[in-house]
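A short worksheet on the structure shown next.
The values are calculated or read from the model by the stated rules, or taken from the named source; none is laboratory data. Everything numeric here is computed off the predicted structure, so don't read it as measured data. We place every Cβ from the backbone using ideal geometry, glycine too, and count neighbours over all the protein chains shown. These accessible areas exclude ligands, DNA and RNA; they are computed on the full protein's heavy atoms, side chains included. Shrake-Rupley method; radii C 1.70, N 1.55, O 1.52, S 1.80 Å.
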Amino acid sequence: MNNQMDINTLLKYVCKELRKRRKDKKLTLDDVGFDLGYNSSYIGKIERAEQRTISFYMLVTLANYYDVKIETVIALARLQYNIDQQEILEKEKQKEAERQKAEEDNL
């Protein structure tokens, strides 16, 4: 897996970060939906990146509601992506080392 983040991946991480912000503020989907005038299931679909189309306007609206700049949300999403990619690489290296050791033990 390369370290280049495509737009769909970025969107998923941004949505996860928005969900984290909501939970940090101890808000329910119903709270957010009511305050912003949207159905709570719609907000949930956005947070899970299940909504087929998500406007940038909606992402900014949610970020503003959670008192965070969308730039910060995007930066944190990218950071989490990089952390996740590093963990994947480390696990792959560990598996390869274990495989090589097993091969050496069998010789």
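Report whether or not residue 57 is farther than 19 Å from residue 82 by Cα, at pLDDT 95 or above and part of a helix (DSSP H, G or I).
On the way: farther than 19 Å from residue 82 by Cα: yes; at pLDDT 95 or above: yes; part of a helix (DSSP H, G or I): yes.
Considered against the rule, which asks whether it is farther than 19 Å from residue 82 by Cα, at pLDDT 95 or above and part of a helix (DSSP H, G or I), residue 57 comes out as yes.
Could you grab me the full set of residues in the range 36-65 that are acidic (Asp, Glu) and in contact (Cβ under 8 Å) with a residue 12 or more places away in the chain?
At the first step, the residues of the range 36-65 found to be acidic (Asp, Glu) are 47, 50.
Selection gives 47 alone.
List, please: which pairs have Cβ atoms under 6 Å, are six or more places apart or on different chains, and start with a residue in the range 82-107 that is in contact (Cβ under 8 Å) with a residue 24 or more places away in the chain and end with one that is not acidic (Asp, Glu)?
85/3
In this structure, is residue 14 open to solvent by less than 40 Å² (accessible area, probe 1.4 Å), at pLDDT 95 or above and outside any helix (DSSP H, G or I)?
No; evaluated as a whole, the condition is false for this residue.
Restricting to the range 46-105, and then to whatever is open to solvent by less than 70 Å² (accessible area, probe 1.4 Å) and among the aromatic types (Phe, Trp, Tyr), can you tell me which residue is farthest from residue 27 (Cα to Cα)?
Looking at residues that are open to solvent by less than 70 Å² (accessible area, probe 1.4 Å) and among the aromatic types (Phe, Trp, Tyr), I get 81.
Any idea which of 64, 82 is over 16 Å from the mean Cα position of the chain (by Cα) and not small (Gly, Ala, Ser)?
Values: 82 fails: over 16 Å from the mean Cα position of the chain (by Cα).
On inspection, the qualifying residue turns out to be 64.
Which of the residues that make up the range 17-35 are open to solvent by less than 50 Å² (accessible area, probe 1.4 Å) and either in contact (Cβ under 8 Å) with a residue 24 or more places away in the chain or not in a helix (DSSP H, G or I) (or both)?
Hits for the range 17-35 are 17, 18, 22, 27, 32.
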